[in-house]
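Novice: Below is a structure I'd like to ask you about.
The values are calculated or read from the model by the stated rules, or taken from the named source; none is laboratory data. Here the structure is a predicted model, which is why all the values come from computation and not from measurement. When we count neighbours, we look across all protein chains shown, and the Cβ atoms used for this are built from the backbone with ideal geometry, even at glycine. The accessibility values were calculated without ligands, DNA or RNA, using every heavy atom of the protein model including side chains. Shrake-Rupley method; radii C 1.70, N 1.55, O 1.52, S 1.80 Å.
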Amino acid sequence: MKKLMGLRRLLLLAALAPLLLAISPWADAQPQNRPHKVRLARPEPPQARPEVISMNAWTIGLAGGLLEGAPIRLAAEIARVVDDGDNLHVLPVVTRGATENLNSLLYLRGIDAAIINSDALEEYKSQVPDIQRRIAYVLNLFPSELHIFVRPEIRSLNDLAGKKVNFNTQGTAAAYSGPLIFSRLNIEVDKTFIPHQIALEQMRKGEMSAVVFITSKPVDAFVKGRWEPGFKFLPVPYESKFEDYYLPATLDGSDYPNLIKQGERISTIAVPTALVAFNWPAKSNRSERVARFIDHLFSRIDRLQGPGFDPKWKSINLAATVPGLTRVPAAQDWLDRQLRTTRASQ
(Lines give C-alpha, C1' and ligand atoms only; values in the text may rest on other atoms or scores of the structure.)
Protein backbone atom coordinates (compact mmCIF):
# COMPACT_ATOMS: atom_id res chain seq x y z
CA MET A 1 0.00 0.00 0.00
CA LYS A 2 2.77 2.42 0.91
CA LYS A 3 4.45 1.80 -2.39
CA LEU A 4 1.18 2.49 -4.18
CA MET A 5 0.67 5.83 -2.35
CA GLY A 6 4.25 6.90 -3.11
CA LEU A 7 3.73 6.09 -6.74
CA ARG A 8 0.59 8.23 -6.86
CA ARG A 9 2.49 11.23 -5.40
CA LEU A 10 5.20 10.87 -8.01
CA LEU A 11 2.60 10.74 -10.78
CA LEU A 12 0.86 13.87 -9.34
CA LEU A 13 4.13 15.81 -9.20
CA ALA A 14 4.96 14.74 -12.71
CA ALA A 15 1.56 15.99 -13.88
CA LEU A 16 1.97 19.37 -12.13
CA ALA A 17 5.56 19.99 -13.22
CA PRO A 18 4.73 21.51 -16.63
CA LEU A 19 2.18 23.81 -15.01
CA LEU A 20 4.65 24.98 -12.37
CA LEU A 21 7.28 25.62 -15.01
CA ALA A 22 4.75 27.63 -17.03
CA ILE A 23 3.74 29.74 -14.01
CA SER A 24 7.25 30.39 -12.70
CA PRO A 25 8.46 32.75 -15.49
CA TRP A 26 5.22 34.81 -15.22
CA ALA A 27 5.61 35.06 -11.46
CA ASP A 28 9.19 36.25 -11.80
CA ALA A 29 8.24 38.82 -14.39
CA GLN A 30 5.17 40.18 -12.56
CA PRO A 31 6.98 42.55 -10.14
CA GLN A 32 8.75 44.17 -13.08
CA ASN A 33 5.40 45.05 -14.69
CA ARG A 34 3.77 46.56 -11.58
CA PRO A 35 3.48 50.34 -11.43
CA HIS A 36 6.18 51.79 -9.22
CA LYS A 37 7.24 55.24 -8.09
CA VAL A 38 10.07 56.72 -10.10
CA ARG A 39 12.34 59.01 -8.11
CA LEU A 40 13.14 61.98 -10.30
CA ALA A 41 15.91 64.46 -9.75
CA ARG A 42 14.62 67.87 -8.47
CA PRO A 43 14.31 70.18 -11.48
CA GLU A 44 16.54 73.18 -11.52
CA PRO A 45 14.65 76.50 -11.23
CA PRO A 46 14.31 78.13 -14.62
CA GLN A 47 16.72 80.94 -15.20
CA ALA A 48 14.89 84.24 -15.72
CA ARG A 49 15.34 85.61 -19.18
CA PRO A 50 17.04 89.03 -19.46
CA GLU A 51 13.83 90.69 -20.63
CA VAL A 52 11.95 89.34 -17.57
CA ILE A 53 14.63 90.65 -15.23
CA SER A 54 14.55 94.02 -16.99
CA MET A 55 10.76 94.26 -16.79
CA ASN A 56 10.67 93.57 -13.05
CA ALA A 57 13.72 95.59 -12.04
CA TRP A 58 11.90 98.94 -11.98
CA THR A 59 8.31 97.99 -11.21
CA ILE A 60 6.39 99.72 -8.41
CA GLY A 61 3.18 98.38 -6.84
CA LEU A 62 0.81 101.23 -5.88
CA ALA A 63 -2.19 100.35 -3.67
CA GLY A 64 -5.11 102.46 -4.88
CA GLY A 65 -8.30 101.27 -3.20
CA LEU A 66 -11.76 100.28 -4.36
CA LEU A 67 -12.46 100.28 -8.08
CA GLU A 68 -15.24 102.84 -7.67
CA GLY A 69 -13.22 105.14 -5.42
CA ALA A 70 -11.27 108.30 -6.22
CA PRO A 71 -7.84 107.04 -4.99
CA ILE A 72 -7.60 104.28 -7.61
CA ARG A 73 -8.31 106.88 -10.29
CA LEU A 74 -5.49 109.05 -8.94
CA ALA A 75 -3.20 106.01 -8.91
CA ALA A 76 -4.03 105.28 -12.55
CA GLU A 77 -3.29 108.88 -13.54
CA ILE A 78 0.04 108.77 -11.71
CA ALA A 79 0.92 105.52 -13.50
CA ARG A 80 0.21 107.10 -16.90
CA VAL A 81 2.45 110.09 -16.25
CA VAL A 82 5.48 108.35 -14.74
CA ASP A 83 5.54 105.40 -17.16
CA ASP A 84 9.00 104.99 -18.69
CA GLY A 85 8.94 101.54 -20.25
CA ASP A 86 11.41 99.17 -18.60
CA ASN A 87 12.94 102.11 -16.71
CA LEU A 88 9.80 102.57 -14.57
CA HIS A 89 6.49 100.75 -14.55
CA VAL A 90 3.84 101.57 -11.92
CA LEU A 91 1.09 99.02 -11.32
CA PRO A 92 -2.05 100.50 -9.67
CA VAL A 93 -3.57 97.80 -7.46
CA VAL A 94 -7.27 97.55 -6.61
CA THR A 95 -7.62 96.81 -2.88
CA ARG A 96 -10.40 96.59 -0.31
CA GLY A 97 -10.43 100.37 0.08
CA ALA A 98 -8.32 103.40 0.89
CA THR A 99 -8.45 102.53 4.57
CA GLU A 100 -6.98 99.08 3.76
CA ASN A 101 -4.17 100.47 1.64
CA LEU A 102 -1.94 101.02 4.65
CA ASN A 103 -2.36 97.36 5.55
CA SER A 104 -1.38 96.44 1.99
CA LEU A 105 1.69 98.67 2.17
CA LEU A 106 2.85 97.08 5.41
CA TYR A 107 2.21 93.43 4.64
CA LEU A 108 1.38 92.73 0.98
CA ARG A 109 4.27 91.60 -1.21
CA GLY A 110 5.08 93.81 -4.18
CA ILE A 111 3.48 96.97 -2.77
CA ASP A 112 5.90 99.90 -2.47
CA ALA A 113 3.49 102.84 -2.24
CA ALA A 114 -0.13 103.54 -1.35
CA ILE A 115 -2.74 106.29 -1.24
CA ILE A 116 -4.09 106.61 2.29
CA ASN A 117 -6.03 108.93 4.55
CA SER A 118 -3.68 110.30 7.18
CA ASP A 119 -5.85 109.26 10.12
CA ALA A 120 -5.49 105.60 9.07
CA LEU A 121 -2.36 105.72 11.24
CA GLU A 122 -4.58 105.88 14.33
CA GLU A 123 -5.57 102.22 14.03
CA TYR A 124 -1.95 101.06 13.88
CA LYS A 125 -0.57 102.91 16.88
CA SER A 126 -1.05 99.95 19.19
CA GLN A 127 -0.51 97.20 16.59
CA VAL A 128 2.62 98.70 15.00
CA PRO A 129 4.23 101.08 17.51
CA ASP A 130 6.94 102.10 15.02
CA ILE A 131 4.47 102.73 12.19
CA GLN A 132 5.69 106.29 11.67
CA ARG A 133 9.22 105.03 11.02
CA ARG A 134 8.12 102.27 8.65
CA ILE A 135 6.27 104.53 6.22
CA ALA A 136 6.85 108.08 5.01
CA TYR A 137 4.93 110.42 2.76
CA VAL A 138 5.74 111.29 -0.84
CA LEU A 139 3.04 113.83 -1.54
CA ASN A 140 0.10 115.50 0.15
CA LEU A 141 -2.72 114.97 -2.31
CA PHE A 142 -6.14 116.57 -2.09
CA PRO A 143 -7.79 117.17 1.27
CA SER A 144 -11.08 115.35 1.74
CA GLU A 145 -13.49 117.70 3.47
CA LEU A 146 -15.87 116.49 6.15
CA HIS A 147 -19.52 117.11 5.15
CA ILE A 148 -22.12 116.50 7.88
CA PHE A 149 -25.45 116.98 6.10
CA VAL A 150 -28.54 116.97 8.33
CA ARG A 151 -32.32 117.27 8.32
CA PRO A 152 -34.04 120.57 9.26
CA GLU A 153 -34.80 119.57 12.87
CA ILE A 154 -31.10 118.95 13.62
CA ARG A 155 -29.54 122.24 14.74
CA SER A 156 -26.21 121.19 16.27
CA LEU A 157 -23.80 118.28 16.48
CA ASN A 158 -25.14 117.36 19.92
CA ASP A 159 -28.62 116.93 18.44
CA LEU A 160 -27.28 113.91 16.55
CA ALA A 161 -26.65 111.93 19.75
CA GLY A 162 -28.56 108.65 19.49
CA LYS A 163 -29.82 109.53 16.00
CA LYS A 164 -29.38 107.50 12.83
CA VAL A 165 -26.33 108.69 10.86
CA ASN A 166 -24.99 107.07 7.68
CA PHE A 167 -21.25 106.74 6.96
CA ASN A 168 -21.43 105.20 3.47
CA THR A 169 -20.33 101.65 2.69
CA GLN A 170 -17.45 99.85 4.41
CA GLY A 171 -14.07 100.54 2.80
CA THR A 172 -14.81 104.19 2.04
CA ALA A 173 -13.16 107.16 3.73
CA ALA A 174 -16.41 108.15 5.44
CA ALA A 175 -16.88 104.66 6.87
CA TYR A 176 -13.44 104.75 8.47
CA SER A 177 -12.77 108.38 9.35
CA GLY A 178 -16.37 109.37 10.14
CA PRO A 179 -16.74 107.21 13.27
CA LEU A 180 -13.24 108.25 14.40
CA ILE A 181 -14.19 111.92 14.18
CA PHE A 182 -17.48 111.41 16.02
CA SER A 183 -15.58 109.55 18.72
CA ARG A 184 -13.28 112.54 19.15
CA LEU A 185 -16.35 114.76 19.35
CA ASN A 186 -17.72 112.47 22.10
CA ILE A 187 -21.00 112.04 20.24
CA GLU A 188 -22.49 108.55 20.12
CA VAL A 189 -24.78 108.03 17.14
CA ASP A 190 -26.68 105.11 15.62
CA LYS A 191 -24.21 104.30 12.83
CA THR A 192 -25.30 102.80 9.51
CA PHE A 193 -23.13 101.82 6.53
CA ILE A 194 -25.29 101.80 3.43
CA PRO A 195 -24.77 103.51 0.04
CA HIS A 196 -25.20 107.26 0.40
CA GLN A 197 -27.76 107.52 -2.39
CA ILE A 198 -30.09 105.26 -0.39
CA ALA A 199 -29.39 107.12 2.85
CA LEU A 200 -30.16 110.49 1.21
CA GLU A 201 -33.58 109.22 0.14
CA GLN A 202 -34.17 108.01 3.69
CA MET A 203 -33.27 111.50 4.91
CA ARG A 204 -35.96 113.00 2.69
CA LYS A 205 -38.51 110.64 4.29
CA GLY A 206 -37.32 111.39 7.83
CA GLU A 207 -35.87 107.90 8.35
CA MET A 208 -32.25 109.13 8.58
CA SER A 209 -31.06 112.19 10.50
CA ALA A 210 -27.71 112.80 8.77
CA VAL A 211 -25.18 111.57 6.25
CA VAL A 212 -21.42 111.97 6.55
CA PHE A 213 -19.35 112.48 3.41
CA ILE A 214 -15.56 112.67 3.48
CA THR A 215 -14.40 113.57 0.01
CA SER A 216 -13.06 116.48 -2.00
CA LYS A 217 -15.62 119.22 -2.52
CA PRO A 218 -17.86 119.87 -4.32
CA VAL A 219 -20.05 116.76 -4.03
CA ASP A 220 -22.49 116.22 -6.91
CA ALA A 221 -25.27 115.05 -4.60
CA PHE A 222 -25.37 118.50 -2.98
CA VAL A 223 -24.66 120.54 -6.10
CA LYS A 224 -27.24 118.90 -8.36
CA GLY A 225 -29.73 117.63 -5.78
CA ARG A 226 -32.80 119.67 -4.81
CA TRP A 227 -33.37 119.98 -1.09
CA GLU A 228 -36.21 121.46 0.92
CA PRO A 229 -35.46 124.49 3.11
CA GLY A 230 -33.76 123.56 6.36
CA PHE A 231 -31.50 120.80 5.04
CA LYS A 232 -27.98 121.99 5.79
CA PHE A 233 -24.35 121.31 6.67
CA LEU A 234 -23.33 121.47 10.32
CA PRO A 235 -20.18 123.39 11.28
CA VAL A 236 -17.33 121.43 12.87
CA PRO A 237 -14.83 123.72 14.63
CA TYR A 238 -11.14 122.92 14.24
CA GLU A 239 -9.82 122.24 17.75
CA SER A 240 -6.66 120.83 19.32
CA LYS A 241 -8.23 117.35 19.31
CA PHE A 242 -7.88 117.33 15.51
CA GLU A 243 -4.37 118.73 15.14
CA ASP A 244 -2.58 115.38 14.87
CA TYR A 245 -4.08 114.18 11.57
CA TYR A 246 -6.56 116.77 10.30
CA LEU A 247 -6.57 120.21 8.73
CA PRO A 248 -8.98 123.16 9.03
CA ALA A 249 -11.33 123.63 6.07
CA THR A 250 -14.49 125.46 5.03
CA LEU A 251 -17.57 124.96 2.87
CA ASP A 252 -19.03 128.07 1.23
CA GLY A 253 -21.55 129.37 -1.27
CA SER A 254 -19.27 128.88 -4.24
CA ASP A 255 -19.12 125.16 -3.37
CA TYR A 256 -22.84 124.66 -2.77
CA PRO A 257 -24.87 127.66 -3.97
CA ASN A 258 -28.22 125.92 -3.36
CA LEU A 259 -27.43 125.15 0.27
CA ILE A 260 -25.09 127.91 1.49
CA LYS A 261 -25.70 131.62 1.07
CA GLN A 262 -23.14 133.63 -0.86
CA GLY A 263 -20.56 135.03 1.52
CA GLU A 264 -21.36 132.46 4.22
CA ARG A 265 -18.61 130.07 5.32
CA ILE A 266 -19.16 126.89 7.29
CA SER A 267 -16.12 125.66 9.20
CA THR A 268 -15.22 122.01 9.03
CA ILE A 269 -12.16 119.78 8.99
CA ALA A 270 -10.38 117.91 6.20
CA VAL A 271 -8.67 114.55 6.13
CA PRO A 272 -5.42 114.76 4.12
CA THR A 273 -5.13 112.16 1.39
CA ALA A 274 -1.49 111.25 1.07
CA LEU A 275 0.71 109.29 -1.28
CA VAL A 276 3.01 107.32 1.02
CA ALA A 277 5.78 104.77 0.53
CA PHE A 278 7.37 102.05 2.60
CA ASN A 279 10.57 103.30 4.21
CA TRP A 280 12.94 100.75 2.66
CA PRO A 281 16.57 100.61 3.88
CA ALA A 282 18.79 103.18 2.17
CA LYS A 283 20.51 102.01 -1.05
CA SER A 284 18.38 98.86 -1.24
CA ASN A 285 16.83 97.91 -4.58
CA ARG A 286 13.35 98.78 -3.35
CA SER A 287 14.43 102.19 -2.04
CA GLU A 288 16.07 102.93 -5.40
CA ARG A 289 12.81 102.07 -7.15
CA VAL A 290 10.90 104.45 -4.90
CA ALA A 291 13.50 107.18 -5.49
CA ARG A 292 13.17 106.83 -9.27
CA PHE A 293 9.38 106.86 -8.94
CA ILE A 294 9.52 110.11 -6.95
CA ASP A 295 11.93 111.73 -9.41
CA HIS A 296 9.65 110.90 -12.35
CA LEU A 297 6.51 112.01 -10.52
CA PHE A 298 7.87 115.32 -9.25
CA SER A 299 9.59 116.13 -12.55
CA ARG A 300 6.38 115.50 -14.49
CA ILE A 301 3.82 116.98 -12.11
CA ASP A 302 3.01 119.61 -14.74
CA ARG A 303 1.63 116.86 -17.00
CA LEU A 304 -0.85 115.87 -14.31
CA GLN A 305 -1.93 119.50 -14.16
CA GLY A 306 -2.74 119.53 -17.87
CA PRO A 307 -5.84 118.48 -19.86
CA GLY A 308 -7.13 114.95 -19.45
CA PHE A 309 -6.42 114.64 -15.73
CA ASP A 310 -8.33 115.44 -12.55
CA PRO A 311 -8.42 119.26 -12.28
CA LYS A 312 -7.54 119.06 -8.59
CA TRP A 313 -3.94 118.23 -9.58
CA LYS A 314 -3.60 121.96 -10.31
CA SER A 315 -3.75 122.71 -6.59
CA ILE A 316 -0.95 120.30 -5.67
CA ASN A 317 1.93 121.76 -3.69
CA LEU A 318 4.95 119.45 -3.76
CA ALA A 319 6.30 121.02 -0.57
CA ALA A 320 3.08 120.55 1.46
CA THR A 321 3.47 118.41 4.57
CA VAL A 322 1.31 115.58 5.93
CA PRO A 323 0.37 115.65 9.64
CA GLY A 324 1.79 112.75 11.61
CA LEU A 325 4.39 111.63 9.04
CA THR A 326 7.86 112.51 7.82
CA ARG A 327 8.77 112.91 4.15
CA VAL A 328 10.50 110.15 2.18
CA PRO A 329 14.22 111.11 2.06
CA ALA A 330 14.26 110.89 -1.76
CA ALA A 331 11.39 113.41 -1.93
CA GLN A 332 13.15 115.78 0.43
CA ASP A 333 16.37 115.45 -1.60
CA TRP A 334 14.48 116.34 -4.79
CA LEU A 335 12.95 119.45 -3.18
CA ASP A 336 16.35 120.50 -1.80
CA ARG A 337 17.96 120.17 -5.24
CA GLN A 338 15.21 122.30 -6.78
CA LEU A 339 15.70 124.95 -4.11
CA ARG A 340 19.46 125.05 -4.72
CA THR A 341 18.89 125.31 -8.48
CA THR A 342 16.42 128.15 -8.00
CA ARG A 343 18.79 130.07 -5.73
CA ALA A 344 21.70 129.56 -8.12
CA SER A 345 19.70 131.00 -11.02
CA GLN A 346 18.76 134.16 -9.14
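Novice: Can you tell me which condition Gly308 does not meet? The list is (1) open to solvent by 80 Å² or more (accessible area, probe 1.4 Å); (2) out of contact with any helix residue (DSSP H, G or I) (no Cβ under 8 Å at 6 or more places or on another chain), and all the others hold.
Specialist: (1)
Novice: Consider only pairs whose beta carbons are under 8 Å apart and that are at least six residues apart or on different chains; among these, list those whose first residue lies in the range 232-254 and is free of Cβ contacts under 8 Å to residues at least 60 places away in the same chain and of a type in the set (Ser, Thr, Tyr) and whose second residue is in a loop (DSSP other than H, G, I, E, B) and open to solvent by less than 10 Å² (accessible area, probe 1.4 Å).
Specialist: Tyr238/Tyr246
Novice: If the Cβ limit is 9 Å and pairs must be 6+ apart or interchain, which residue in the range 260-275 that is under 16 Å from Ile115 (Cβ atoms) pairs with which residue that is among the aromatic types (Phe, Trp, Tyr) and outside any strand (DSSP E or B)?
Specialist: Once the first residue is under 16 Å from Ile115 (Cβ atoms) and sits in the range 260-275, its partners that are among the aromatic types (Phe, Trp, Tyr) and outside any strand (DSSP E or B) give Ala270/Tyr246; Val271/Tyr245; Val271/Tyr246; Pro272/Tyr245; Pro272/Tyr246.
Novice: Identify all residues within the range 125-152 that are open to solvent by 10 Å² or more (accessible area, probe 1.4 Å), of a type outside the set (Gly, Ala, Ser) and free of Cβ contacts under 8 Å to residues at least 60 places away in the same chain; write none if there are none.
Specialist: Those that are open to solvent by 10 Å² or more (accessible area, probe 1.4 Å), of a type outside the set (Gly, Ala, Ser) and free of Cβ contacts under 8 Å to residues at least 60 places away in the same chain: Lys125, Gln127, Pro129, Asp130.
Novice: Follow-up question, since we're still on this one. Out of everything in the range 56-77 that is more than 14 Å from Asp112 (Cα to Cα) and among the hydrophobic types (A, V, I, L, M, F, W, C), what residue ends up being modelled with the highest pLDDT?
Specialist: Step by step, filter the range 56-77, then rank; the result is Ala76.
Novice: Quick one: which of Arg151, Arg134 is within 30 Å of Met203 (Cα to Cα) and at pLDDT 85 or above?
Specialist: On the way: Arg134 fails: within 30 Å of Met203 (Cα to Cα).
The match here is Arg151.
Novice: Continuing with the same structure: Report yes if Val94 is open to solvent by 10 Å² or more (accessible area, probe 1.4 Å) and touching a helix residue (DSSP H, G or I) at 6+ places or on another chain (Cβ under 7 Å), otherwise no. Give the steps one after another, and end with the answer.
Specialist: Numbers: open to solvent by 10 Å² or more (accessible area, probe 1.4 Å): yes; touching a helix residue (DSSP H, G or I) at 6+ places or on another chain (Cβ under 7 Å): yes.
When the stated conditions are applied, Val94 passes them.
Novice: Considering the range 310-328 alone, what residues qualify as being assigned to a loop (DSSP other than H, G, I, E, B) and touching a residue at least 40 places away in the same chain (Cβ under 8 Å)?
Specialist: Our first condition is that a residue be assigned to a loop (DSSP other than H, G, I, E, B); within the range 310-328, this holds for 310, 316-326, 328.
Matches in the range 310-328: Asp310, Ile316, Asn317, Leu318, Ala320, Thr321, Val322, Pro323, Gly324, Leu325, Thr326, Val328.
Novice: Test Asp244 against the criterion of being under 28 Å from the mean Cα position of the chain (by Cα), over 28 Å from Val322 (Cα atoms) and among the charged types (D, E, K, R), and give yes or no. Quick ask: steps written out before the conclusion?
Specialist: Numbers: under 28 Å from the mean Cα position of the chain (by Cα): yes; over 28 Å from Val322 (Cα atoms): no; among the charged types (D, E, K, R): yes.
So Asp244 does not fit the description; no.
Novice: Would you call Ser315 under 15 Å from Ser144 (Cβ atoms), open to solvent by 40 Å² or more (accessible area, probe 1.4 Å) and modelled with pLDDT under 95?
Specialist: Numbers: under 15 Å from Ser144 (Cβ atoms): yes; open to solvent by 40 Å² or more (accessible area, probe 1.4 Å): yes; modelled with pLDDT under 95: yes.
Criteria met by Ser315.
Novice: Is the range 181-190 home to any residue that is closer than 21 Å to Ile115 by Cβ, modelled with pLDDT under 95 and open to solvent by less than 70 Å² (accessible area, probe 1.4 Å)?
Specialist: First, the residues of the range 181-190 that are closer than 21 Å to Ile115 by Cβ: 181.
Cutting the leftovers down to modelled with pLDDT under 95 gives us none.
No, that holds for no residue.
Novice: Is it the case that the range 123-135 has a residue that's touching a strand residue (DSSP E or B) at 6+ places or on another chain (Cβ under 8 Å) and closer than 20 Å to Ile60 by Cα?
Specialist: Just the residues of the range 123-135 that are touching a strand residue (DSSP E or B) at 6+ places or on another chain (Cβ under 8 Å), to begin with: 134-135.
Those still in the list that are closer than 20 Å to Ile60 by Cα too: 134-135.
Yes, that holds for at least one residue.
Novice: How about the range 100-124: which of its residues are open to solvent by 20 Å² or more (accessible area, probe 1.4 Å) and at pLDDT below 85?
Specialist: Glu100, Glu122, Glu123
Novice: Same structure, new question: Restricting to the range 67-89, what's the tally of residues that are closer than 15 Å to Gln305 by Cα and buried (at least 22 other Cβ atoms within 10 Å of the Cβ)? Steps first, answer last, please.
Specialist: Let us first name the residues in the range 67-89 that are closer than 15 Å to Gln305 by Cα, namely 73-82.
Subset that is buried (at least 22 other Cβ atoms within 10 Å of the Cβ): 74-75, 78, 82.
Residues that pass the stated criteria total 4.
Novice: Now for a different question. Just wondering, is there one or more residues in the range 199-219 that are over 32 Å from the mean Cα position of the chain (by Cα) and among the hydrophobic types (A, V, I, L, M, F, W, C)?
Specialist: The initial filter retains those residues of the range 199-219 that are over 32 Å from the mean Cα position of the chain (by Cα), namely 204-207.
Pick out the ones that are also among the hydrophobic types (A, V, I, L, M, F, W, C) and you get none.
No, the range 199-219 contains no residue that is over 32 Å from the mean Cα position of the chain (by Cα) and among the hydrophobic types (A, V, I, L, M, F, W, C).
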